[in-house]
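> Questions regarding the structure given below will be posed in turn.
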Amino acid sequence: MTTQAMCLPSVFLNGKFMPLEDAHISPLDRGFIFGDGVYEVIPFYDGKALRLHEHLKRLQRSLDELEIDNPYSTDQWKAHIGALVEHNGGGNIAIYIQITRGVAKRDFAPIRGLKQTVFMMANPLPTPKRDVYERGISCVSLDDSRWLRCHIKSTALLGAVMLKHASNNEGADEALLFRDGYLTESSASNIAAIKNGVILCPPMDNLILPGITYELMIELARNAGLPLEVRRVSRHEVNTADELWILSSTKEVVPITTLDEKPVGHGAQAGKPGPLFWKMYELFQTYKRGL
Ligand code: PDD
């Protein structure tokens, strides 16, 4: 694979912009050894960020949880991110930020005063074509076997990687995760279920990453007067839902049309994106046009 295909040409490492080929970190970086770091993925449309502030706030919360100092102020982050977007030609891109605790002799003990490693890259963010929305995606139900601190956007993602693998091995696009009989999320996205015209949103706790797209969807739904409840969603409610949506910064909002090889929804609507999905799709596209 060429480096061109891995990400857009210009990356950021520890305060400097450079081609990906020139970006090197120590194998003793705690991100490499322990997954001791946090990350963010921020979508840009036509070079304009979607909810940059919220992403930077969540980055701060993740750093606080790991007791890693934030190496930059909000203004510095905005300047570095803005420059990276520009170096990579603007347009529709996703900025990936990773901060690790830094480089040290391998030791589990939390080490204070290390110099954090900061890496950023840009990836193309292709807006899904209409037929992707019309088709929707397929999911399989799996037990949520990840750790109990999923609210931290940590780079230690082995649980999510294994679940994504398992879903792909079963021929599905994504995994729908359940813990103690209740819906949590997907391996790298949030989930909402629609039942009897009400959008059901699992509450954000330690078992779920508080998604920026999920928060935006709730805001758009409330502003448009769509019925919505933030509460736990049982497996039975998911299995009998009229619609299921998957949400993330790289997917936006996409309908899940197949769950465990069965069509989602009922009657003539079964296996197709539902009416509330199309309403939310319009609200989301309108919001993006206003960035
Ligand atoms: N994933 N839940 C999990 C576990 C996630 O990893 C993500 C994001 C989300 C959605 O969050 P947001 O709307 O802020 O993107 C929910 C990103 C895109 C990733 O890891 O690439």
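> Give just the number: which of (1) among the polar types (S, T, N, Q); (2) buried (at least 20 other Cβ atoms within 10 Å of the Cβ); (3) part of a helix (DSSP H, G or I) does T184 not satisfy?
Here T184 clears every test but (3).
> Separate question: Within segment 43-80, track down each residue that is among the charged types (D, E, K, R), more than 22 Å from M204 (Cβ to Cβ) and part of a helix (DSSP H, G or I).
Within segment 43-80, D75, K78 meet the criteria.
> Looking at this structure, is L28 among the hydrophobic types (A, V, I, L, M, F, W, C), open to solvent by 50 Å² or more (accessible area, probe 1.4 Å) and over 19 Å from the mean Cα position of the chain (by Cα)?
Yes: the conditions hold for L28.
> Only one of (1) out of contact with any Gly (no Cβ under 8 Å at 6 or more places or on another chain); (2) free of Cβ contacts under 8 Å to residues at least 12 places away in the same chain fails for P263. Which number is that?
Every condition holds for P263 apart from (1).
> Ok, one more. Please go through segment 110-132 and pick out each residue that is touching a residue at least 12 places away in the same chain (Cβ under 8 Å) and charged (D, E, K, R).
K115, the sole residue that qualifies.
> Taking the condition loosely packed, with under 14 Cβ neighbours inside 10 Å and touching a residue at least 60 places away in the same chain (Cβ under 8 Å), does G37 pass?
Spelling it out, it is not the case that G37 is loosely packed, with under 14 Cβ neighbours inside 10 Å and touching a residue at least 60 places away in the same chain (Cβ under 8 Å).
> For segment 230-237, state whether one or more residues are free of Cβ contacts under 8 Å to residues at least 24 places away in the same chain, within 16 Å of the ligand (Cβ to nearest atom) and closer than 30 Å to F44 by Cβ.
no
> Which pairs do you get when a residue that is away from the ligand (no atom under 14 Å from the Cβ), found in segment 172-199, comes within reach of a residue that is among the aromatic types (F, W, Y), reach meaning Cβ atoms under 9 angstrom, with the pair 6+ apart or on two chains?
Cβ pairs passing all conditions: A193/W245; I194/W245; I194/F277; I199/W245.
> Here's something else I'd like to know. Name the single residue that is nearest to the chain's Cα centre (by Cα) among those in segment 210-247 being more than 19 Å from R130 (Cβ to Cβ) and part of a strand (DSSP E or B).
Looking at the filtered set, the residue picked out is L244.
> Condition first: away from the ligand (no atom under 16 Å from the Cβ) and in contact with a helix residue (DSSP H, G or I) (Cβ under 8 Å, 6 or more places away or on another chain). Now tell me which residues in segment 114-140 satisfy that. Break it down into steps so the answer makes sense when it comes.
Initially, segment 114-140 is screened for residues away from the ligand (no atom under 16 Å from the Cβ), giving 114-118, 129-136, 138, 140.
Answer for segment 114-140, where residues must be away from the ligand (no atom under 16 Å from the Cβ) and in contact with a helix residue (DSSP H, G or I) (Cβ under 8 Å, 6 or more places away or on another chain): L114, T117, Y133, V140.
The values are calculated or read from the model by the stated rules, or taken from the named source; none is laboratory data. From a predicted model like this one, the values you see are computed outputs, not experimental measurements. Virtual Cβ from ideal backbone geometry, glycine too; neighbours counted across all protein chains shown. To get the accessible areas, we keep the full protein, side chains included, count just its heavy atoms, and leave off ligands, DNA and RNA. Shrake-Rupley method; radii C 1.70, N 1.55, O 1.52, S 1.80 Å.
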